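Notes for the one structure printed next.
The values are calculated or read from the model by the stated rules, or taken from the named source; none is laboratory data. Remember, it's a predicted structure, so these values are computed and weren't measured experimentally. Please note: Cβ atoms are built from the backbone with ideal geometry, for glycine as well, and neighbour counts cover all protein chains shown. Ligands, DNA and RNA are stripped out before the accessible areas are found, and what is left, the full protein with its side chains, is counted by its heavy atoms. Shrake-Rupley method; radii C 1.70, N 1.55, O 1.52, S 1.80 Å.
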Amino acid sequence: MASSPGAPRAPAVQAPPPPEARTSERGSVSAGRGRVDSRAGHLSFCTKVCYGIGGIPNQVASSATAFYLQLFLLDVAQIPAAQVSLVLFGGKVSGAAADPVAGFFINRSRRTGSGRLMPWVLGCTPFITTAYFLLWFLPPFTSLRGLWYTTFYSLFQALATFFQVPYAALTMLLTPCPKERDSATAYRMTMEMAGTLMGAAVHGLIVSGAHGPHRCEDATLPGPVAVSPDATRLYSIASAVVAVTYPVCSSLLCLGVKERPGSSVPASGPGPSFLAGLVLTVRHPPYLKLVISFLFISAAIQVEQSYLVLFCTHASRLHDHVQGVVLTILVSAVLSTPLWEWVLQRFGKKTSAFGICVMVPFAILLAAVPTAPVAYVVAFVSGMSISVSLLLPWSMLPDVVDDFQLQHQHGPGLETIFYSSYVFFSKLSGAGALGISTLSLEFAGYEAGACKQAEQVVVTLKVLIGAVPTCMILTGLCILMVSPTPKVPSQNSSRRLSLQRRTSYTLA
């Protein structure tokens, strides 16, 4: 992309291209994909929409796994709760471990005709599609099912990381304007919430017949109920429908978004190594407190999502309302995202963070009074809190990156390390929270595939959707409120930082 007329130019390190080439380049950028206004850094509507579409498939798959994977493993695959804990923990740890690895390889990759980040998104697509489908497949053997699901859930999480990290880092390479980056983030979050809604809705509607009350009508003895062939077929159909979103959406992302080109020659010499850059990022106080605060908040959201369906199925008489409650949460989250974006712009990002704690009293109310009207009210309010909890970190992270660049003028931009390490810590916290909480079901006596669970299991499920998320959210908000506010650069400073990134975006 041609630089702004008033922006400072990088030091000349090579002969400039002929005027015809510069004219051709400007023309191709203005007529091609990812068009950015050269004077104001304004992103076109088409670019924002296509960028948002790229985030849909991971959210569709994540939504289906967040709400239904535990239920599938316990009641369809019928593996013990202790093994389910290992499946969830191993998968999350695999995804978390893949984040720094992804950051390392992406920063060392060379720019191609489609950019540096886009090839990673496209290259992961066929493999993650296959891994997701096999995650929901019921193998004919029973003794090694735990190993089967651990393998493919770990593979899916790792591939999803190699898909998500470069996609998320594209935010910093779309435009130098902070407001336009926030706007693109809002488009992305809206599309991702729509993907979350689609994933839970489509997957839930398809597999609803596998968990109806008729499943237990013929059960004369206590204990696990035989798995119906229809249940395995319905889950296979649902997984195929969700998996196809990966090739479709990644193709639209590639067609509608173009990375801003950068020079292959660093302007200020070689940058730090990956490990040195990682040390620099985690020692930056605003980034460290942002990560710690949302470590608790994201873990709370994951616990709430994972156990809501189990709570409605085994700890209350809301079996017939599972799909309605899940859809209410997601519809509320999607519709409230533009509202939270306005609140964020009007009152500030820290003020908007108080919207996360709105769900706290309602989650406790649902555990105490598990009735249908209360469940739908709680679902609506929880959706609003989930929306702002997802929007805030990705809106605050670019400001933290800019604050870091203002204090460290000597090196290149470390955007990929910031993004990959944030996702790493977020997934690691989710791995611990889900692993420990699922293990608590084993200690409470959860019986896989059984129609009726013990009273200790019911109490445990109430604690997991009430007290546990409440404590985590309040802890995270307290840390976020005392953290320093990162400095947002002016337009000229932002352009200067953008130029620095464009001319030195590689790590040695």
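Taking Leu428 as meeting all but one of (1) at positive phi; (2) open to solvent by 30 Å² or more (accessible area, probe 1.4 Å), write down the number of the exception. Exception for Leu428: condition (1).
Of the helices (runs of 4 or more DSSP H) lying entirely inside the stretch 309-409, the ones with 3 or more residues being touching a Gly at 6+ places or on another chain (Cβ under 6 Å) are found at 322-347, 359-368. Would the stretch 97-104 turn up any residue that is buried (at least 22 other Cβ atoms within 10 Å of the Cβ) and modelled with pLDDT of 90 or more? No, the conditions are met nowhere in the stretch 97-104. Looking only at residues that are among the aromatic types (Phe, Trp, Tyr) and open to solvent by less than 20 Å² (accessible area, probe 1.4 Å) in the stretch 289-307, which one is modelled with the lowest pLDDT? The selected residue is Tyr307.
Report every pair of residues separated by at least 6 positions or lying on different chains whose Cβ atoms are under 6 Å apart, first residue within the stretch 358-385 and assigned by the TED database to the domain that holds Pro469, second of a type in the set (A, V, I, L, M, F, W, C) and not in a helix (DSSP H, G or I). Pairs that qualify, where the first residue is assigned by the TED database to the domain that holds Pro469 and the partner is of a type in the set (A, V, I, L, M, F, W, C) and not in a helix (DSSP H, G or I), are Ala375/Leu318.
Within the stretch 348-381, the set of residues being open to solvent by 70 Å² or more (accessible area, probe 1.4 Å) and modelled with pLDDT under 85 comprises Thr351 only. Entry remark, the stretch 413-453: residues being modelled with pLDDT under 75 and charged (D, E, K, R) number 1 in total.
Residues being out of contact with any Ser or Thr (no Cβ under 7 Å at 6 or more places or on another chain), open to solvent by less than 50 Å² (accessible area, probe 1.4 Å) and over 25 Å from His319 (Cα atoms) are entirely absent from the stretch 64-77. What are the pairs, 6+ residues apart or on separate chains, where a residue within the stretch 133-153 that is without any contact (Cβ under 8 Å) to a residue 60 or more places away in the chain has its Cβ under 7 Å from a residue that is not in a helix (DSSP H, G or I)? Qualifying pairs under 7 Å: Trp148/Pro139.
For (1) of a type outside the set (Ser, Thr, Tyr); (2) open to solvent by less than 10 Å² (accessible area, probe 1.4 Å); (3) assigned to a helix (DSSP H, G or I), each residue gets a yes or a no:
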{"position": "Cys46", "(1), (2), (3)": "yes, no, yes"}
{"position": "Val49", "(1), (2), (3)": "yes, no, yes"}
{"position": "Pro57", "(1), (2), (3)": "yes, yes, yes"}
{"position": "Ala82", "(1), (2), (3)": "yes, no, yes"}
{"position": "Gly90", "(1), (2), (3)": "yes, no, yes"}
{"position": "Val93", "(1), (2), (3)": "yes, no, yes"}
{"position": "Arg110", "(1), (2), (3)": "yes, no, no"}
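For Thr150, state whether it is open to solvent by 10 Å² or more (accessible area, probe 1.4 Å), more than 30 Å from Glu259 (Cα to Cα), of a type in the set (Ser, Thr, Tyr) and in a loop (DSSP other than H, G, I, E, B). Considered against the rule, which asks whether it is open to solvent by 10 Å² or more (accessible area, probe 1.4 Å), more than 30 Å from Glu259 (Cα to Cα), of a type in the set (Ser, Thr, Tyr) and in a loop (DSSP other than H, G, I, E, B), Thr150 comes out as no.
For every residue, the table says whether it meets (1) out of contact with any Gly (no Cβ under 7 Å at 6 or more places or on another chain); (2) surrounded by fewer than 16 Cβ atoms within 10 Å (Cβ to Cβ); (3) more than 30 Å from Tyr422 (Cα to Cα); (4) at pLDDT below 80.
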{"residue": "Gly212", "(1), (2), (3), (4)": "yes, yes, yes, yes"}
{"residue": "Cys216", "(1), (2), (3), (4)": "yes, yes, yes, yes"}
{"residue": "Ala219", "(1), (2), (3), (4)": "yes, yes, yes, yes"}
{"residue": "Pro222", "(1), (2), (3), (4)": "yes, yes, yes, yes"}
{"residue": "Ala231", "(1), (2), (3), (4)": "yes, no, yes, no"}
{"residue": "Ala238", "(1), (2), (3), (4)": "yes, no, yes, no"}
{"residue": "Val244", "(1), (2), (3), (4)": "yes, yes, no, no"}
{"residue": "Glu259", "(1), (2), (3), (4)": "no, no, no, yes"}
{"residue": "Val265", "(1), (2), (3), (4)": "yes, yes, no, yes"}
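Looking only at the stretch 153-182, residues that are in contact with a strand residue (DSSP E or B) (Cβ under 7 Å, 6 or more places away or on another chain) and in a helix (DSSP H, G or I) come to 1 in all.
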